[in-house]
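Read through the structure below, which is laid out as structure tokens, and then see the notes.
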Amino acid sequence: MTIVISSQLDIGQVDIASIVIDVSSRDAIPLILLGLQHSYTTKYLKEAVFKILQEVMPHKGKKDNDQTVSW
């Protein structure tokens, strides 16, 4: 199985669970960030999300069509 993110933090990195998000803002961004934080810190949700992402992400080196689309 592919290791998504190393569990060992480097110098200067902060654990996602320890970040305090200010929810007093009237904007929707803090609520989205809280949802992402919850999904990442809950093991079964994190595994489910990353499983879906691995299925939908294109694989490197796999080319279905060599034609370039210009807009």
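The values are calculated or read from the model by the stated rules, or taken from the named source; none is laboratory data. Small disclaimer: the values here were computed from a predicted structure and weren't measured. Note that each Cβ is placed from the backbone with ideal geometry, even for glycine, and that neighbours are counted across all protein chains shown.
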Selection count where residues are modelled with pLDDT under 90 and small (Gly, Ala, Ser), scope region 29-68: 1
Candidate set from region 16-57 (those that are part of a loop (DSSP other than H, G, I, E, B) and among the small types (Gly, Ala, Ser)); member that is surrounded by the most Cβ atoms within 10 Å (Cβ to Cβ): Ser25
